[in-house]
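Input: a single structure, listed below in structure tokens.
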Number of protein chains: 2
Amino acid sequence: MTDQPSINIYRKKALVNFEGKDFLGQIGIDSRIFNTLNNGGISVGVISQQAIENGVSVLVDEKDAEAAVTLLSKEFKHEKNAGIVSNIYSIDNLCVLGFVSEQNTKILSELQRNKIFPLLLSQASSTGRVNIVVTDNQTEITQNIIETEIFGKPKVVHLALIGHGNVGSTLIEQILDSAYDILTRKRIDLKIIAISNSKKMVLNKSGFRSDWRQKINYSNTETNIQDIIHYAKDHNLENLVLVDNTASKDFVKNYTEFVDNGFDIVSSNKIFNTSSISDYRDFRNILAKNNKKYLYETNVGAGLPLIDTIKLLHLSGENITRIKGVFSGTLSYVFNQFSVRDEKFSSIVKEAMNKGFTEPDPREDLSGNDVARKLLILARELDLVNEFEDINIKNLVTEPLLPISKDEFLSRIEELDEVFQKTKDDQEPNHVLRYVGDLHGDLQKDKGELDVKLISVPANSALGQLKGSDSIFEIYTESYGENPIVIMGAGAGAKVTARGVFGDILRLSETK
Amino acid sequence: MTDQPSINIYRKKALVNFEGKDFLGQIGIDSRIFNTLNNGGISVGVISQQAIENGVSVLVDEKDAEAAVTLLSKEFKHEKNAGIVSNIYSIDNLCVLGFVSEQNTKILSELQRNKIFPLLLSQASSTGRVNIVVTDNQTEITQNIIETEIFGKPKVVHLALIGHGNVGSTLIEQILDSAYDILTRKRIDLKIIAISNSKKMVLNKSGFRSDWRQKINYSNTETNIQDIIHYAKDHNLENLVLVDNTASKDFVKNYTEFVDNGFDIVSSNKIFNTSSISDYRDFRNILAKNNKKYLYETNVGAGLPLIDTIKLLHLSGENITRIKGVFSGTLSYVFNQFSVRDEKFSSIVKEAMNKGFTEPDPREDLSGNDVARKLLILARELDLVNEFEDINIKNLVTEPLLPISKDEFLSRIEELDEVFQKTKDDQEPNHVLRYVGDLHGDLQKDKGELDVKLISVPANSALGQLKGSDSIFEIYTESYGENPIVIMGAGAGAKVTARGVFGDILRLSETK
């Protein structure tokens, strides 16, 4: 053997397992096994006592396995009857990978993360030599992982992207644009192996390229979650990340299955984090059990560094006393404009509609539910056990306009003008209207107070200074005192949301 | 054996290593080793062929080791002379730890991170059984790590804190306050095992408690970096983190040695990151080689989530086009006040001095060097190779006041008033003065433009709205367009800086 790193691969091997009680110190058992096999003309490879007193595994050529079991069963007939030897059997169709590396433990840890558990492993640190026995169909992925570590082959991260609407498609383009840079700078090879919408999907283990849109458009494959999971499994793909850029209530039900099958999750979809607190916590336990991560920085404030900041402050014992801000880009625009322009509320809403800032039915924005969901997600980061129903939401749509169709609503939207004009006129001088989320109360208790409401603030305050469709978040804590941490900027939009999702993917990739 | 997890520990063992060439398939070699030892009355334990063709290790009682080597040398005399068997020798003073766990790979990876490389390891995944052979003095730490994983024993993170001034002592109190919470919620046991100032230090592997201040005050132990490293080594402490809360130019020279000895580093000290770009990059390579992390979120903006945000945006391919802001809490206060109050510049500076906002010699703040250092650190996060000398710094101290003593400066500080009053008066209406750092230019090139300067901005702009001694950072990127990401809040102060350092410690602890 030379000092050059290389992997020796021996296929068509079998393990003969010899199980029994209290082998340690029983002089002669091991020798008898060996002699029996040698006398039978069977060549013996790696040998390992499984636990200090519980058995021996012997590696033989697959063709000799049956003979080995027969020979040993005969030799140890007496001990078998006496119950000292409990079982002698062989496992066929195995492969041995032998290599020398200083990265042994890293390799083993990578293998485990990818759900490869060698049947047998022997390692001697003095020489850095390791032998791993795996089932034959795991040979390729095992070899890949070993080569990645030994030869510094880039770490491949396989992404399954669900949803390719605004955010999803922007993310795909961003990933394709930056993939080469990330490969060279971080030795991380991001491969998009699945793209799916609610109807169709495409799979490609080599990773999609700039023609991904044609591929999905011309795909005839129906979307099937199971197929994505099996595809990853069948092709032994490692470092799996599910990326959910849908707003689907149904899709999040699959998260658990993905996690159980070795996927980490990155999501811009808020639905899961606003489900019942018991579902929320159960899923955290499943993640912990599987040693998987679930990142969702874009759930609130898109790419703004909000959730990670709050998480760290909270965990480091900083007493967060209040979180307040303008959480909705749409309603930011509406009230930033309405407050300073001499126009009807309905005109401003229509303007926002025409700019594509609102949902197709603007009542979805005006209902305050989206702001409420974001507020709930932040509250839960502080370990508060609030439910969605606990939130006091000021619905900006008046009662009569609630039960009607979208078209009727749009034709009667002027009915909103009177009440908002009055609210605007009733303000103190130099004040402006803002639609805010406000988490307050004694946040050391189980539940906090969650309000979603329209307020009037001084025009020269931080909230009052907000521009365009920006979001703003004020985080009040004990150490920061009266002046909160303020994080402000575009809190919505495909580009910045996609970039935030990308950030989560990179966070994940770096810890892999 | 029961199904209960437990660790079997066998001490006073020895490994007999039998090395040679091309053992694979040589029928009879293993048997001869066994028979020889058995016939000599030597009980044989774990056996493992080191690599598929390179040797055999046999575990024996330490007392039998010498006899085993003698017996085998005699038996294989012929092969030794022929060069087939290259070496037969024993390693004494070993310990075997045998256990059953589903966390095997995690355990092995933890061991490696703590620089424990088992001499021999055998593992069978079907049963989850593992035997690890380590040198006897590693028994305790190995057992600790295994128990941590098997029994969910908390992961102990050992902190060596350098510097216990304002930030350092606040951090110690914060850690002591939150330790129990973090232990129960995250299963992370933070132990402060070393506290040191420039003269004295104290060590305690069990972790310091609320009486830490007496301990360091009454310590007679001179500070010695080597002693800290040796202490950690001698007591086999795992998960080591060096926390530098000094501003020492000399201390940062020890970073490399700490990293080489298994420490991750968290630092509020800016010095290292503003050294020459070659030192900066060399150290990153050393970190990568040792698989260690270096976190310094508090280098800029104290606890504000600035560096992590910029890092992720940059890595995800977001084109950051400009970073601009008020980086100094001291100069924020000075110009926030001077801009709106009808008082002399020197009076405001003296007021800031009396509030403890400035360095003892306020020229250190007024020089702009601190702002420049922060700007340089941000620039380097964008992979720019700027040096400190590249920065255009507007020193606020006029030429004649530079070379004089601190006392003389303070007696002549009114000489600054005329120039600043003129600057203030020359502004357009409704404008205010701000001392800013500004990173701009074509940031896709090797170097950016770094300016530290006094500017006049509209009072109602984000910069103009700044209050108290807050910092503000505007991050302009391609996706965020004209409206930057704005991060604002207390960018200085012991409490928020300590909390930021604490955040870095937790970031590190969670990835361990």
Subject >> ³J(HN,Hα), Karplus 6.51/-1.76/1.60, whole Hz, each residue of region A:386-403, x for Gly, Pro >> reply: 4, 9, 4, 5, 6, 7, 7, 10, 8, 6, 6, 8, 6, 2, x, 8, 6, x
Original post:
Counting only other chains, what is the mean number of Cβ atoms within 10 angstrom of the Cβ of each residue in peptide B:297-307?
Top reply: 3
Original post:
From the phi of every residue in region A:83-99, what ³J(HN,Hα) in whole Hz does the Karplus formula 6.51 cos²θ - 1.76 cosθ + 1.60 yield, where θ is phi - 60° and glycine or proline is x?
Top reply: x, 6, 9, 8, 7, 10, 7, 10, 10, 8, 6, 10, 9, 10, 10, x, 7
Subject >> Distances in nm from B:D260 to the matching label points in the other copies, shortest first (labels 7 Å along Cα to Cβ) >> reply: 5.1
Subject >> Residue mean of other protein chain beta carbons inside 10 Å, A:497-506 >> reply: 4
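What ranking of B:V385, A:V419, B:V156, A:V167 emerges when the number of other C-beta atoms within 10 Å of each C-beta is taken as an exposure proxy, fewest first?
Ascending number of Cβ neighbours within 10 Å: A:V419, B:V385, B:V156, A:V167.
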**OP:** May I ask you to derive the FRET efficiency for B:K249 and B:K115 from their Cβ-Cβ distance with R0 = 25 Å, giving the value to the nearest 0.05?
**Re:** 0.25
Original post:
Could you give the dipole magnitude of chain A about its Cα centre, charging the beta-carbon of Lys and Arg +1 and that of Asp and Glu -1, in debye to the nearest 20?
Top reply: 1280
Original post:
Among all the lysines, which ones have a C-alpha under 21 Å from A:K374's C-alpha, if same-chain residues fewer than 8 places away are not counted?
Top reply: A:K249, A:K253, A:K270, A:K293, A:K311, A:K324, A:K394, A:K445, A:K447, A:K453, A:K467, A:K495
**OP:** Provide the FRET efficiency to the nearest 0.05 for the A:Q427-B:D177 pair, computing r from the beta carbons and using R0 = 51 Å.
**Re:** 0.75
Subject >> Contour excess over end-to-end distance, with Cα ends at B:N460 and B:K200 and 0.36 nm allotted per residue >> reply: 88.5 nm
Original post:
Residue-wise, which Karplus ³J(HN,Hα) couplings in Hz belong to region B:460-474, taking 6.51 cos²θ - 1.76 cosθ + 1.60, θ = phi - 60°, and x for glycine or proline?
Top reply: 9, 7, 4, 4, x, 7, 4, 10, x, 10, 5, 9, 9, 10, 10
Original post:
Stretch A:E359-A:R11 to full length: gain in nm at 0.36 nm per residue minus the Cα-Cα span?
Top reply: 119.4 nm
**OP:** Taking the dipole about the Cα centre of chain B, with the C-beta of Lys and Arg at +1 and of Asp and Glu at -1, give me whichever of B:A494, B:S509, B:F117 is farthest to the positive side.
**Re:** B:F117
Original post:
Peptides B:145-152, B:176-183: what's the order by average Cβ count within 10 Å, highest mean first?
Top reply: B:145-152, B:176-183
Subject >> Lysine pairs with alpha-carbon atoms under 18 Å apart, region B:177-243, spacing 8 or more or separate chains >> reply: 7
**OP:** Over the alpha-carbon set of chain B, work out the extent along each principal axis and list the three values in angstrom, largest first.
**Re:** 102, 53, 45
Original post:
Taking the protein assembly as shown as the region of interest, what is the percent of Cα-Cα pairs per 20 angstrom bin, listed from the shortest bin to the one with the maximum distance?
Top reply: 12, 37, 32, 15, 4, 0
Original post:
About its Cα centre, how strong a charge dipole does region B:115-212 have in debye, to the nearest 20, once Lys and Arg get +1 and Asp and Glu get -1 at the Cβ?
Top reply: 140
Subject >> Lys/Arg +1, Asp/Glu -1 at C-beta; chain A dipole; positive extreme among A:V419, A:L190, A:V397 >> reply: A:L190
**OP:** Could you tell me which trypsin sites (Lys or Arg not before Pro) in region A:114-203 are loop residues by DSSP with no more than 10 other beta carbons within 10 angstrom of their beta carbon?
**Re:** A:K199
**OP:** With runs of 4+ DSSP H residues as the only contributors, calculate the mean residue ellipticity of chain B at 222 nm using -39,500 (n - 2.57) per run, divided by the residue total and rounded to the nearest 500.
**Re:** -11000 deg cm²/dmol
Original post:
Assigning unit charges at the beta carbon (Lys, Arg +1; Asp, Glu -1) and nothing else, what dipole magnitude in debye, to the nearest 20, does the protein assembly as shown show about its Cα centre?
Top reply: 1860
Original post:
Along the charge dipole of region B:155-244, Cβ charges K/R +1 and D/E -1, which of B:N236, B:N166, B:Y180 sits furthest on the positive end?
Top reply: B:Y180
Subject >> FRET efficiency for B:S73 and B:S278, using Cβ-Cβ distance with R0 set to 60 Å, rounded to 0.05 >> reply: 0.65
Original post:
What are the nm distances, shortest first, from A:D417 to its equivalents in the other copies, labels at 7 Å along Cα→Cβ?
Top reply: 5.9
Original post:
Mind checking the mean number of beta-carbon atoms from other chains within 10 Å of the Cβ atoms in A:176-187?
Top reply: 2
Subject >> Spin-label pair A:N220/B:T135, simplified geometry with 7 Å Cα→Cβ offset, distance in nm >> reply: 6.7
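Just so you know, all these numbers are worked out from the coordinates, no wet-lab data involved. The shown structure was predicted, so the numbers you read here are calculated from the model rather than taken from an experiment. Heads up, the Cβs are rebuilt from the backbone with ideal geometry, glycines too, and the neighbour counts pull from every protein chain shown.
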